[in-house]
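Chemist: Questions regarding the structure given below will be posed in turn.
The values are calculated or read from the model by the stated rules, or taken from the named source; none is laboratory data. Just so it is clear, the model here is predicted, and its values are computed rather than measured. When we count neighbours, we look across all protein chains shown, and the Cβ atoms used for this are built from the backbone with ideal geometry, even at glycine. Keep in mind that these areas ignore ligands, DNA and RNA; they rest on the heavy atoms of the full protein, side chains included. Shrake-Rupley method; radii C 1.70, N 1.55, O 1.52, S 1.80 Å.
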Amino acid sequence: MIRSFNALLVRDLKLAARVGGSGVMGLIFFLMIVTLIPFALGPDLNLLARIGPAILWIAALLATLIGLDRLFQADQEDGSLDLLRLSHAPMEIVVLAKVIAYWLVTGLPLALAAPFLGFLVALSPEAMLAMVATLLVGTPALTFIGAVGAALTSSLRRGGLILAILVLPFMIPTLIFGVSAANAAVGGTIPFMTPFLVLMALSLIAAVVGTVGAAAALRSGE
C-alpha cells in the first residue's frame, strides 16, 4: 500500500507540474482577492490590519475551491479512475494520495505566499507568522472537505458550482477558528493555542472523514 500511495502521489505531482492548472490559478485568484479588497476599503491601515486575517483566510478558502472539481473528474473522464478501482490499492489510499498531492500544489503555496500578501493588508510580522501557521494547519481541512464534494460531483461535467454549494457550509468552522487563531496571535482576548489546537483537530477529523467519505462516494459511482 505504501508503494501504491507513493506512486499515486508522484503521478499526480508530475501531472500538476506538467499541466500547471489549479496551483497557479489558485495563487492568481488569491492574489486578486487580497489586492482588490484594500482598494475597496480605502487607505485606512488600522481597518485593514484588523480585518486582514479574515481577508486572507476567505481568499485562501475560495482559492482552494479553484480546480477542486477536477480532483477526480479528470481521472473519471480518461478512464484512470476505473483502473484505480480495479487495482489492489484500497480506494482510501487513492483518495489520500490525490488529496495530499492537490494540497501540495494548491494549499501549501497559498500558506507560503501569505506573508508577502500580508503587506497589502498592513499585517504586522507577528500576524504574518500566525497566518502562515494557521494556513499550514487549516488548509488541509479545506482540501479534505472539498474532496468529498469532488468525489460526489466527479461524474458531472460542470460540477464546480454544485461542489461549492455542497462543501462551503462545512468549511465555515475551519474559517472561524483560522481567523480566531490569527487574531489571537496579535493581542486577542483568548490565547493563540486555544483556536490553533481546535484548527489542528478539525484538520485531523477532516482527513479521516474526508478520506473515507470520498472513497465511499467514488465506490458508489462504479
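Chemist: Counting only residues that are in a helix (DSSP H, G or I), farther than 13 Å from A54 by Cα and among the β-branched types (V, I, T), which one in segment 162-192 is most open to solvent (accessible area, probe 1.4 Å)?
Modeler: That would be I165.
Chemist: Here's a follow-up. Out of all the residues in segment 106-143, which are open to solvent by 40 Å² or more (accessible area, probe 1.4 Å) and either assigned to a helix (DSSP H, G or I) or within 20 Å of I176 (Cα to Cα) (or both)?
Modeler: Just the residues of segment 106-143 that are open to solvent by 40 Å² or more (accessible area, probe 1.4 Å), to begin with: 108, 112, 116, 119-120, 124-126, 129, 136.
Passing the criteria: L108, L112, F116, F119, L120, P125, E126, L129, L136.
Chemist: Just to be sure before I move on: is A201 without any contact (Cβ under 8 Å) to a residue 60 or more places away in the chain, more than 16 Å from L68 (Cα to Cα) and surrounded by 22 or more Cβ atoms within 10 Å (Cβ to Cβ) in the structure I sent? Can you show your working first?
Modeler: On the way: without any contact (Cβ under 8 Å) to a residue 60 or more places away in the chain: yes; more than 16 Å from L68 (Cα to Cα): yes; surrounded by 22 or more Cβ atoms within 10 Å (Cβ to Cβ): no.
No.
Chemist: Pick from segment 44-68 the residues that are open to solvent by 20 Å² or more (accessible area, probe 1.4 Å) and of a type in the set (V, I, T): which of them is farthest from the chain's Cα centre (by Cα)?
Modeler: By that ranking, first place goes to I51.
Chemist: Something else: List the number of the failed condition for V10; all other conditions in (1) closer than 24 Å to V94 by Cα; (2) touching a residue at least 12 places away in the same chain (Cβ under 8 Å); (3) open to solvent by less than 90 Å² (accessible area, probe 1.4 Å) hold.
Modeler: Answer for V10: the failing condition is (2).
Chemist: Got a sec? Which of D69, D44, D78 is without any contact (Cβ under 8 Å) to a residue 12 or more places away in the chain and under 21 Å from S154 (Cβ atoms)?
Modeler: Values: D69 fails: without any contact (Cβ under 8 Å) to a residue 12 or more places away in the chain; D44 fails: under 21 Å from S154 (Cβ atoms).
None of the other options fit; the residue is D78.
Chemist: Give segment 139-152 a look and list any residue that's over 12 Å from the mean Cα position of the chain (by Cα) and within 20 Å of V105 (Cβ to Cβ), or say none. First the steps, then the outcome.
Modeler: Of the residues in segment 139-152, the ones over 12 Å from the mean Cα position of the chain (by Cα) are 148-152.
Result: V148, G149, A150, A151.
Chemist: Quick check: anything in segment 69-89 among the charged types (D, E, K, R), open to solvent by less than 30 Å² (accessible area, probe 1.4 Å) and modelled with pLDDT of 85 or more? Spell out the reasoning first.
Modeler: Keep residues of segment 69-89 that are among the charged types (D, E, K, R), which gives 69-70, 75, 77-78, 82, 85.
The next check asks that each one be open to solvent by less than 30 Å² (accessible area, probe 1.4 Å); those that pass are 75.
When the remaining residues are screened for being modelled with pLDDT of 85 or more, the result is none.
Checking segment 69-89: not a single residue is among the charged types (D, E, K, R), open to solvent by less than 30 Å² (accessible area, probe 1.4 Å) and modelled with pLDDT of 85 or more.
Chemist: Give just the number: which of (1) under 21 Å from I33 (Cβ atoms); (2) at pLDDT below 85 does A127 not satisfy?
Modeler: So the condition that A127 fails would be (2).
Chemist: Restricting the search to segment 90-104, which residues are open to solvent by 40 Å² or more (accessible area, probe 1.4 Å) and among the hydrophobic types (A, V, I, L, M, F, W, C)?
Modeler: L96, I100, W103, L104 - these are the residues of segment 90-104 that are open to solvent by 40 Å² or more (accessible area, probe 1.4 Å) and among the hydrophobic types (A, V, I, L, M, F, W, C).
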